Amino acid sequence: MRKSFLALTLAAVIGVGLLTGCGSDTPATETAPAAEEEKDVDEAPQADEEEAGDAEETGEAEKKDSGDKLVLGFAQIGQESGWRDGETNDVQWYAAQHTDTIDLVFADAQQKQENQIKAIRNFIDMGVDVIAFPPVVETGWEAVLTECQEAGIPVILVDRGVDESCADLYATQISSDFVWEGAQAADIVGDLLGGSGKVVELEGTVGASAANERKEGFDKELADNYPDIEIVDSQTGDFTRALGKEVMESFLKSYDDIDAVFAHNDDMALGAIEAIKEAGKKPGEDIKIVGCDGVKGAFEAMVAGEMNGTVECNPCLAEQIFETAAKLKAGETVDKWIVSNDGVFRQEDAEAELPNRTY
Ligand code: GZL
C-alpha cells in the first residue's frame, strides 16, 4: 500500500512539477517543491480539467455545474512547436494552481480547424462560462462564433486572430503584435547583412494570422528600409521544425548565394540550422538565421554561434486569459486587443538571457 501510495504521490508531484508555467518560480525542468511530497495524493494540486473529448465520447456534453467557479473551455491548436507546448503548460499550470476558482476544460485539436470547431461546440453544450482558443487560421469561424454569441458565451482569441468580418463575434484578442515582430526581424537581418544580400523566408502555417502578419511586417520593413536586400524565395514550413528543415534543404538546392534566413518561428529556424549544417555550410556565419518566439532552443543555438537573433513572442498568457475571462463572466467589458510586450534578442544577448528562458 505504502509503495503504491508513494508512487502515486510521486507521479502527482512529477505531473505538477513538469506541468509548470512560464511565469512560475519552479522552472519546467524541476519537480515540484519537496513539501508536495508530504501531501496526500488526493490533495496534490491537479489541473481541475477534463478533456473535452470526454464529452465527445458520451456523444453529448454534460452540463458543467461548478458553482461560482470560472469554467473556461480552451480549444488548443495542437503541439506543433516548443512555443505551443509552452503556452499549453502555462494554461494548465495556472489552472492547477487555482482549482478553487477555476475549472479548465481543455481540448487539443491536433492542428485541425474542424476539431477546434467541434471542441467549441462541445463547450457550448457544456454551458461553460468563457471560451478561449488560438484560431489555427484566420477564416472559417463565423458560424461557430455566432453560435457562441447566441449562447451568450464570450470568446477570447488567444495568440492569433480571425478575419475582420468576425470582429463583432469575440470579446477580445490576447496576443503579440506580429507585424511589429516581423519588422524587428527585418531590422536584425538588415543590420547583419550590412544592408544588402539575398534572403529566404520560412513562413508559418498557411492562413494563420501570426504568419500573415509577420510576413507583412518583415517584407514591408525590408522594402522600405533595405532596398538592396532581396527575398529570393518564401515558402511555408507550417511552424514545424521538420518541415522547416525540408524547405530549407530545397532552398539550398535552388540557391547557392543565400545570405540569411528569416523563419516565422524558432522551431523552423532550428530545422533550417540542421539543413545548413548537412549542406556543409556554417549556420550563423555563412548564412545568418533569425527567428521569432524566443524559445530556449533558439538561445542555445545563439550561444553556440549557429543563430543570430530571435524576436520574442510571449506564450505565457494564462494569467491574462483567466483574469480577462473572470471579468467577462462578471459582465465587464475589456479592451478589444490586449497586446503582449515582447523582447528582441541578438546573439550577443543570448548567454546572459538563457537562464531566464522558461519555455
Ligand atoms: C504566435 C503563435 C505561433 C508561434 C508558433 O502567437 O500563434 O504559433 O509563433 C506557433 O511557434 O506554432
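Of everything in region 80-108 that's more than 16 Å from the ligand (Cβ to nearest atom), of a type outside the set (Val, Ile, Thr) and part of a loop (DSSP other than H, G, I, E, B), which residue is nearest to the chain's Cα centre (by Cα)?
Initial filter on region 80-108 (more than 16 Å from the ligand (Cβ to nearest atom)): 92-107.
In the following step, the residues that additionally are of a type outside the set (Val, Ile, Thr) were identified as 92-98, 100, 103-104, 106-107.
Now restrict to residues that are part of a loop (DSSP other than H, G, I, E, B): 98, 100.
Values: His98: 22, Asp100: 26 Å.
Applying the filter and picking the extreme gives His98.
Of everything in region 255-283, what is surrounded by fewer than 17 Cβ atoms within 10 Å (Cβ to Cβ) and touching a strand residue (DSSP E or B) at 6+ places or on another chain (Cβ under 7 Å)? Give them in sequence order.
Tyr255, Asp257, Lys277, Lys281
For region 125-166, what are the residues that are surrounded by fewer than 17 Cβ atoms within 10 Å (Cβ to Cβ) and under 22 Å from the mean Cα position of the chain (by Cα)?
Correct list: Thr139, Asp163, Glu164.
So, Gly190, is that one away from the ligand (no atom under 14 Å from the Cβ) and on the phi > 0 side of the Ramachandran plot or not? Explain how you work it out, then say what you get.
Working: away from the ligand (no atom under 14 Å from the Cβ): yes; on the phi > 0 side of the Ramachandran plot: no.
No: the conditions fail for Gly190.
Among Ile153, Ile174, which is the only one that is more than 30 Å from Leu252 (Cα to Cα), aliphatic (A, V, I, L, M) and within 16 Å of the ligand (Cβ to nearest atom)? Step through it out loud before you land on a result.
On the way: Ile153 fails: within 16 Å of the ligand (Cβ to nearest atom).
Every option except Ile174 fails the conditions.
Quick check on my filter: what residues within region 224-256 are of a type in the set (Ser, Thr, Tyr) and within 16 Å of the ligand (Cβ to nearest atom)? I'd like the intermediate steps shown before the answer.
Here is the first cut: in region 224-256, the ones of a type in the set (Ser, Thr, Tyr) are 226, 234, 236, 240, 250, 254-255.
Once the filter is applied, which keeps residues that are of a type in the set (Ser, Thr, Tyr) and within 16 Å of the ligand (Cβ to nearest atom), region 224-256 yields Thr236, Thr240.
Return yes or no: is Thr324 open to solvent by 70 Å² or more (accessible area, probe 1.4 Å) and either over 25 Å from Glu201 (Cβ atoms) or within 16 Å of the ligand (Cβ to nearest atom) (or both)? Steps first, answer last, please.
Values: open to solvent by 70 Å² or more (accessible area, probe 1.4 Å): no; either over 25 Å from Glu201 (Cβ atoms) or within 16 Å of the ligand (Cβ to nearest atom) (or both): yes.
Spelling it out, it is not the case that Thr324 is open to solvent by 70 Å² or more (accessible area, probe 1.4 Å) and either over 25 Å from Glu201 (Cβ atoms) or within 16 Å of the ligand (Cβ to nearest atom) (or both).
Take the residues in region 284-298 that are more than 17 Å from the chain's Cα centre (by Cα) and open to solvent by less than 10 Å² (accessible area, probe 1.4 Å), then tell me which one is farthest from Thr358 (Cα to Cα). Let's see the steps before the verdict.
Of region 284-298, the ones more than 17 Å from the chain's Cα centre (by Cα) are 284-290.
Subset that is open to solvent by less than 10 Å² (accessible area, probe 1.4 Å): 284, 287, 289-290.
On the way: Gly284: 24, Ile287: 28, Ile289: 22, Val290: 20 Å.
By that ranking, first place goes to Ile287.
Among all residue pairs at least 6 apart or on different chains, which show Cβ distances below 8 Å where the first residue, located in region 69-84, is free of Cβ contacts under 8 Å to residues at least 12 places away in the same chain and the second is in a helix (DSSP H, G or I) and away from the ligand (no atom under 11 Å from the Cβ)?
none
Got at least one residue in region 109-122 being within 14 Å of the ligand (Cβ to nearest atom), open to solvent by 30 Å² or more (accessible area, probe 1.4 Å) and of a type in the set (A, V, I, L, M)?
no
Which of the residues that make up region 200-217 are under 9 Å from Asp238 (Cα atoms) and either away from the ligand (no atom under 12 Å from the Cβ) or basic (Lys, Arg) (or both)?
Correct list: Val206 only.
The values are calculated or read from the model by the stated rules, or taken from the named source; none is laboratory data. Model, not experiment: these values are computed from the prediction. Glycine also receives a Cβ, built like all others from the backbone with ideal geometry; neighbour counts cover every protein chain displayed. Heavy atoms of the whole protein, side chains included, go into the accessibility calculation; ligands, DNA and RNA do not. Shrake-Rupley method; radii C 1.70, N 1.55, O 1.52, S 1.80 Å.
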